[in-house]
Structure formats: structure tokens, C-alpha cells
Amino acid sequence: MNWHALRESWSEFRESPAGLCGLFLTTLLFLAALLAPLLSPLNPYDLEQLFLENSLKVPSLLDNWAYESFMLGSDGQGRCMYSAILYGLRISLYVGVASTLLSALIGTLAGLWAGYQGGRTDTLIMRLADIQLSFPAILIALVIMSLWGQGVGKIIIAISAVNWVFYARTARASTLSEKEKDYVDAAISIGVSAPAIMLSEVLPNIMAPIIVIGTVRIANAILLEATLSFLGLGVPVTEPSLGALVNEGYRVLFSGQWWVSVFPGLALMLVVLGINQLGDRLRDILNPRLKR
Amino acid sequence: MFAFILRRIYQSVLVLFCVSLVVFAILYLSGDPIQMLLPADASQEQIDEMRRHLGLDEPFWAQYLSFLRNALQGDMGRSFTFNQPAVKLILERAPATLELAVSAMILAILLGIPAGLFAAVKPKSWLTQIIMSGSLFGISLPVFWMGIMLIMVFSVFLGWLPSSGRGQTASFGGIQLGFLTWDGCKHLLMPAFTLAIHQVAMIVRLVRAGMMEVMLQDYIKFLRAKGLSERRVVLVHALKNIMIPVVTIIGLQTGYTIAFAIVTESIFAWPGMGKLVIDAIHSLDRPVILAYLLVVALMFVFINFMVDLTYSFLDPRIRLK
């Protein structure tokens, strides 16, 4: 895509307030996550900064509008909720992006291979995908995590194991139509090997739909991680993501400490909403079928 | 038609076989249950004796075959924690989960289809704006957080609705159902709504997209030219033509709500099989996890089968393929 086309897409993108709102939310929250160590008043991982007398503080924003520690209250261990949310956002986004990249890589290669080779390889890979798709993602991820235990790396792999199917299907469908084209025949006739054709000829031409699917799936991956962490089957307690923070808040909800569960969930919802709005808009712009 | 059904049954059995193999292989690879069954100071002879007794010294295929033989007779071992047959535990709790999932789906259909139709037919209305942004919120809301917020508002602050359990149930044909009593309904309302939110959003988006495509077709223009009322055009002729994707989604989503009930049940302490399996996962109660997975897989295969049958009923062209 050249500079001119990019500018044209941008001017089209600008027309939708929802898309702009999504872009704004996503950028804001990604920046907040990246700059978490600079923005947060206290370090939630530093045990020396945790004091029990600070536990379950009411949000200070309620009576004093100032940027300070405990402005969103604190949890049962005396952790500043605002700082914990910034660091939690960091883990949630990290897991979301990393698992999306990994599943896109595996799925695209599998779909490309299945589509290009055809025959038995194709049947085997796509049957596997069909069977997997007939079971809910949450169940598959739950089984993997329950047998494997908690861990950031493990949950990235578990989510990728669930999500590769979507990329595989898209990549296969695009590959099937690309492989009939003349440039592939040309490459075959000058003796380029099959793997080289797949990776350097076909792959660049099927990237657009993969990128669109990727944006939409990041939001799903983040929600899936949050749900598993909420159930206690995701990230370890020492590195709480937003879902794990909500779980912690749920335990003190009945004694009236609402802020421990409300704010992390709100942050989670905003980031997913932002990415969904952005993804919807990108799909509308990049999908040529909708342009008539 | 008969050949079609036979072919689908054959495929379903194949899928179930694959699932049982995968689940068993994961469990086989995930480690030795002996450590959990015997005290830590057990001698090597005791461990060997136990292993021989449970058949764990046999090779993978032999173990799988004996597992399959038992599973076909409905025996998947006894729960370590409850010391009862795992299948019995799951089946006892299945009605609670099914009641929750079915209520959620009914709620989703009742809210989603009219909202989607309205949004497609009147795209400029302010209500459509609300419906569409609502559905975007719906797919972005973390379900577990939504449930917690409902508990916070309606149980903790207002004290209107109970936050946990199933309440009073009444027996109907030997099955305990909650929605037959007023107390049971109050208990059912929040969990079912929480579980339904996602589905409403999905159904709205699907119905709207489908309707917008159908409304551009020539036969709709013809019906209008013929002088049919707009209501009849939309509700009879257009709606009929989007039923296939809608039925598919409703079928698939019923399966998803059964699985997602795990989350809702653990928030609202709903005594269903999802709550049971989460507790089983935390206490490493392997037979219960296994029994849950196979029972749920059976349900999914059955639902998918029913969806396919409905298809061929709705669209005879599918039968011929």
C-alpha cells in the first residue's frame, strides 16, 4: 500500500465517529499500558510499598479531585488500584497481542499450506479446524489451562491453540483463489520450489484479510484471557491482569468494597470496546465486498 | 432424507470418537493421578500395587480401550472428592445448567430478533442508533464483570434480587426446575440475563445484516409493488429467508451458553455442572472433568445434528447435496 492509498483510506476512516472513538480509546489505553511505570503513583509489584494500613481505602477521587496514589482506592493488600489497573492493562494487552501474533502465524501458515497443497493435507488440516470450531473456545482453553496450570506464557499458547482456526480458514480461502493466478504459474515454470512460492509469492497477497481478522480477534483474545484469569485459570496471582483483579474485587464485593471490582472491569470494557470499534471500521474499509 | 440422517449420525460418532481420544490423550500426558490418590509417604510397593490395580501400568492403547469400554457403559470412574460415580454427579446437575442456558437463549431470541429486524427496517431511527451501539457494548462487555455489576446493584445496593443459588425448585416430571416457583424465577433472572447479553448482541447483528441484504432483493420489490403491507413483507417473506443463518447461530450459541455457563454459574453460585467442573478443576478431580467434557461434547454433537436436520427442513436444497 503506497502513501497515497494510505491517505485515501485515512480520509475515509475519518468519516465515522465510532471508528475515530475506537482509534482514540485504543491508542490511549495502549499508551497508558506502555507508560505504566511512569504513570502509576506506586509500584504494585514492590512488596515494600504495600502496607496493611492502606488496605481497602475508599477512592480518594470521591472527595478530592487530584492525581495521586489511591485515587481509585486500594485492595485488600493495600495495593493502589489505579497502579494495579495500569500494570494489569499491560499484562492483558501483552497477552492479547502476543497470542494474536502467534495464532495468526500458526493459522496463516497452516491455511496457506492446506490451500496450496490441497488433497490429503488440506482435508486433514481443515477437518481438524472444523471439529475444533464445533466446540466453544472457552471450553478448549479451559481444558488446556486446567491441566497445565497458570502462567503468562501458557495462556498465550492456550489462546493461540484456540484462535489459529480463524486465520487458517481465511488464509486457505484466499490461497485457493490466489494459486490459480498467472504469477504462481510463472513461478512454478521457472522452477521455484513450493515452499518458496507459498512464502514469497502467495503470502504477501493474502495479508489484507488476515490483518482485518487479527484486529477483530485481539478483542476476543483479551476477553478470553480475562475470563480465564477471572476463573483463576489464567495469569498467576503475582502478575494480575484485569480479569484477575476483577476476581479479587468480587471477593470483597459483599462487604461493600465496590471499587476493587468496578474499575478494572471498566478498563477492560473500554479497551475491548475501543478495539472492536476500530476493527469494525477497518473491516468496512478494507473489505472490498462491501464497497459497491 | 434417511441417507442424509445416517450420514450425519456417522459423522457425529466420528467426532465423538476424536474428542474422546484427544481428551484421553491430554489426561494421559498430564501426569500421574497416583500422587493425588495416595499419601505422600506411600512406599514404592504400594504405588506399584495401586498402579497395577488401576491398570495404569498398561500401554496407552490398552488404557484407552478399557476407558472407552467403560465410557460406553456410562462409567467414567468415581469422583475423588465426592466418592460417587462422576457421570451421576454431572447428570444430577445438568438440569440446572440446561435451565439456565435455555432461559438465556429464549431471552436472547425474544430481545434479539425484534431488535435486529427493527434496526434493519428503520436504519435512520434513533432507536436503531441505540440498538446498534448497545450491541457493540454487548459484544465488548466482559460477561463475568457484567454479572458482578448486576449483583452489586440489585443484590448489594438495592437488595431486590438474590445473588446466589437456585432458590426454591419444583418437580416437573421428576426434574427439579426453578422457573416454576416465584422464588426460583427471582434467582434465575440475573444469571440468565448475564448469560444472554452476548447472545442478544450476536443475534441483533446477524438479523440486521441478513435482513438488509434480503430487503434489496427483487422479490421484495415485487411484493411491495403487488401492494402487500410492509408488515407482511418483513415478517412473513423476508424473515423466512434469513431463518437459516439465524437457526444456525441459535443452535451454535446454545452450545456456547452451556459452556459459558461455567462462568455465570461460578459468579452466581448456581448449582449446575459448570460450577461442579470448576470446583473439580481446582481440586484436580480428574474423573469429573473427563465426564463433564464427554457429556458436554455429546450435547454439542446432538445440537449440531439437530441444527443440520432443521436446515434440511428449512431449505430442501441442502438435502440434495
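Read the figures in this text as sums done on the coordinates, not as results from a lab. Owing to the predicted nature of the structure, the values given are computational and were not obtained by experimental measurement. Backbone-built Cβ (ideal geometry, glycine too); neighbour counts: all protein chains shown.
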*asked:* Can you work out the Karplus-derived ³J(HN,Hα) for every residue in segment A:253-266? Use 6.51 cos²θ - 1.76 cosθ + 1.60 with θ = phi - 60°, whole Hz, and x for glycine or proline.
replied: 4, 6, 8, x, 8, 6, 5, 5, 9, 5, 5, x, x, 4
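Please list, by residue number, every one of the chymotrypsin sites (Phe, Trp or Tyr not before Pro) in segment B:83-187 that is coil in DSSP and has at most 11 other beta-carbon atoms within 10 Å. Before the final figure, lay out the partial values.
Details: sites: B:118, B:126, B:137, B:144, B:145, B:154, B:157, B:160, B:172, B:179, B:182; in loops: B:160, B:179.
Qualifying residues, ordered by number: B:160.
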*Given a Förster distance of 45 angstrom, what is the FRET efficiency for residue A:127 paired with residue A:58, based on the Cβ-Cβ distance and rounded to 0.05?*
0.20
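Starting from segment B:53-135, pick out the trypsin sites (Lys or Arg not before Pro) whose DSSP state is loop and whose Cβ has at most 13 other Cβ atoms within 10 Å.
Values: sites: B:69, B:78, B:88, B:93, B:124; in loops: B:124.
Listed in order of number, the matching sites are B:124.
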*Nearby lysines by direct alpha-carbon distance to residue B:186 (threshold 30 angstrom, same-chain neighbours under 8 apart not counted)*: B:88, B:275
*asked:* Using Cα springs under 10 Å in a Gaussian network model of chain A, which residue among A:39, A:223, A:102 shows the largest mean-square fluctuation?
replied: A:39
_Placing +1 on the Cβ of each Lys and Arg and -1 on the Cβ of each Asp and Glu in segment B:1-154, which of B:68, B:25, B:114 has its Cα farthest towards the positive end of the resulting dipole?_
B:114
*asked:* Given segment A:25-290, report the % of alpha carbon pairs whose separation exceeds 33 Å.
replied: 33
*Report, in deg cm²/dmol and to the nearest 500, the calculated mean residue ellipticity at 222 nm for chain B, where each DSSP H run with n ≥ 4 adds -39500 (n - 2.57) and the sum is divided by the residue count.*
-23500 deg cm²/dmol
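Taking only C-alpha pairs under 8 Å that are 6+ residues apart, what is the relative contact order of chain A in percent? Numbers along the way, then the final one.
Working: 420 pairs, mean separation 71.5, N = 292.
Relative contact order, chain A: 24 percent.
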*asked:* If you average the alpha carbon positions of segment B:213-287 and of segment A:204-263, how far apart do those two centres end up, in angstrom?
replied: 24
*Which trypsin sites (Lys or Arg not before Pro) from segment B:205-270 combine a DSSP loop assignment with at most 15 other Cβ atoms within 10 Å?*
B:226
*Roughly how many nanometres apart are two label points built 7 Å out from the Cα toward the Cβ at residue B:248 and residue A:16?*
2.3
*So what's the Cα pair-distance distribution over segment B:53-121, bin width 10 Å, in %?*
16, 26, 20, 16, 13, 8, 1
*For the protein assembly as shown, which semi-axes, largest first and in whole Å, follow from the square roots of 5 times the eigenvalues of its Cα gyration tensor?*
37, 34, 30
*Kyte-Doolittle at least 0.5, axis length at least 24 Å by Cα - qualifying DSSP helices, chain B*: B:2-29, B:86-121, B:182-214, B:243-268, B:286-314
*Give, in whole angstrom and from largest to smallest, the semi-axes √(5λ) of the equivalent ellipsoid of segment B:156-214, with λ running over the eigenvalues of the Cα gyration tensor.*
32, 17, 7
_Normalised contact order of chain B, rounded percent, pairs of Cα under 8 Å and 6 or more residues apart_ = 26
*So which residue, out of A:254, A:230, A:24, gets the largest mean-square fluctuation from a GNM of chain A using Cα contacts under 10 Å as springs?*
A:254
*Nearest-ten-degree value, helix A:152-178 long axis tilted from longest Cα axis of chain A*: 30
*Along the charge dipole of segment A:25-290, Cβ charges K/R +1 and D/E -1, which of A:96, A:55, A:285 sits furthest on the positive end?*
A:285
